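Peer 1: My questions all concern the structure below.
The values are calculated or read from the model by the stated rules, or taken from the named source; none is laboratory data. The structure displayed is predicted, hence computed values, not measured ones. Every residue, glycine as well, gets a Cβ built from its backbone with ideal geometry; the counts of neighbours run over all protein chains shown. Ligands, DNA and RNA are stripped out before the accessible areas are found, and what is left, the full protein with its side chains, is counted by its heavy atoms. Shrake-Rupley method; radii C 1.70, N 1.55, O 1.52, S 1.80 Å.
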Amino acid sequence: MIAVQPPEYFPRLGYMAVIQQVDHFVLGNTFPYRRQSFQNRSKLRSPQGWHWITVPVFGNRDGAPVREVEIETGGRWREKHWRSFLYNYRTTMYFDYFEASFRPFFERAWGRLGPCASRSVELLAELFGLQTTITRASALDGAPETVGGVARALGAETLLTTLGGGPEPLPEGVTPHGVEYDHPTYRQNFEGFESGMSAADLVFNYGPEARRILAKGRIAHPDGPPSA
């Protein structure tokens, strides 16, 4: 079973749950960039509730392939994002444990959004300990720009989709299975609970237990396969 989604910047639990459930996940870095989406921004838990962190991009590139969208490099955004993670998560139980793996992301000079967002997804998958194969669409034959094209390139028979994502024609022989995600409630670093945070929030608070909690929130559609 495969799943295909555009890369998001340090994505939410529902995104990571899709990766957890499939054998092969494809990052659609050839797909269109959408402004005001999660492709270049994420939510972090804070003492006040939550706040955005956003990767600044040049111009209005809405509709351009994600991998071609250039990042504004003059605003010290990497330093600001790293400080946000430090401020909000350094007192969690597992931040110190993951810091050596996490910090190099913010020390790298990212020039384009595609590689940056794609790496953030891959990094979270590593921190969760997920074994799913993750491939970037640009690395497939023909660099397909649609879900159907990816499925065709991989010869996939089953495609996991998120409910409400909108229908898309699929090649003959590919069976779609829709899933929805029931977000679990868990202990966060500050009083109260905020849903929809970056999945890093769960990892830093729970470490090795994060993968179990991630799976707990997943619900398979009645017409889809059972949860793993």
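Peer 1: Measure off 7 Å from each Cα along the Cα-to-Cβ vector at ARG108 and GLU180, then give the distance between these two points in nanometres to one decimal.
Peer 2: 3.6 nm
Peer 1: State the three equivalent ellipsoid semi-axes of the chain, derived from the C-alpha gyration tensor as the square roots of 5 times its eigenvalues, in descending order and whole Å.
Peer 2: Here the semi-axes work out to 28, 23, 14 Å.
Peer 1: Over all distinct Cα pairs, what is the inverse of the mean 1/r for the range 5-95, reported as the Kirkwood hydrodynamic radius in Å?
Peer 2: After inverting the mean inverse Cα-Cα distance, the result is 14.7 Å.
Peer 1: Still on this model: Need the C-alpha centroid separation for the range 62-101 versus the range 12-45, integer Å.
Peer 2: Cα centroid of the range 62-101 versus Cα centroid of the range 12-45: 15 Å apart.
Peer 1: If you don't mind, another one. What's the magnitude of the charge dipole for the chain around its Cα centre, counting Lys and Arg as +1 and Asp and Glu as -1 at the beta-carbon? Answer in Debye, nearest 20.
Peer 2: 740 debye
Peer 1: Expressed in nm to one decimal, what extension gain is obtained for the pair ARG35 and THR158 from 0.36 nm per residue of sequence separation less their Cα-Cα distance?
Peer 2: Fully extending the segment from ARG35 to THR158 adds 41.3 nm.
Peer 1: Now a separate question. Roughly how big is the range 7-84's charge dipole about its Cα centre, with Cβ charges of +1 (Lys, Arg) and -1 (Asp, Glu), in debye to the nearest 20?
Peer 2: 360 debye
Peer 1: For the charge dipole of the range 96-154, defined by +1 on Lys and Arg C-beta atoms and -1 on Asp and Glu C-beta atoms about the Cα centroid, which residue among ALA117, GLY148, TYR97 has the Cα displaced farthest towards the positive pole?
Peer 2: Result: GLY148.
Peer 1: Got the relative contact order for the range 47-204 handy, in percent, Cα pairs under 8 Å and 6 or more residues apart?
Peer 2: The normalised contact order for the range 47-204 reaches 23 percent.
Peer 1: Compute the orientation-averaged projected area for the range 78-200 from the convex hull of its Cα atoms and round it to one decimal in nm².
Peer 2: With the hull built on Cα positions only, its mean projection is 9.8 nm².
Peer 1: With θ taken as phi - 60° and the coefficients 6.51, -1.76 and 1.60, list the Karplus ³J(HN,Hα) couplings across the range 83-91 in order, rounded to whole Hz; mark glycine and proline as x.
Peer 2: 5, 5, 5, 4, 4, 8, 10, 5, 9
Peer 1: Quick one: with all protein chains in place, what share of the accessible area of the chain is carbon or sulfur, to the nearest percent (1.4 Å probe)?
Peer 2: Carbon and sulfur: 46 percent of the exposed surface of the chain.
Peer 1: Once you have the Cα-Cα distance between HIS24 and GLU191, take 0.36 nm times their residue separation minus that, and quote the gain in nm to one decimal.
Peer 2: So the chain would gain 56.4 nm between HIS24 and GLU191.
Peer 1: By how many nm would the segment from GLU168 to THR91 grow when fully extended, if each residue of separation counts as 0.36 nm and the alpha-carbon distance is taken off?
Peer 2: 23.3 nm
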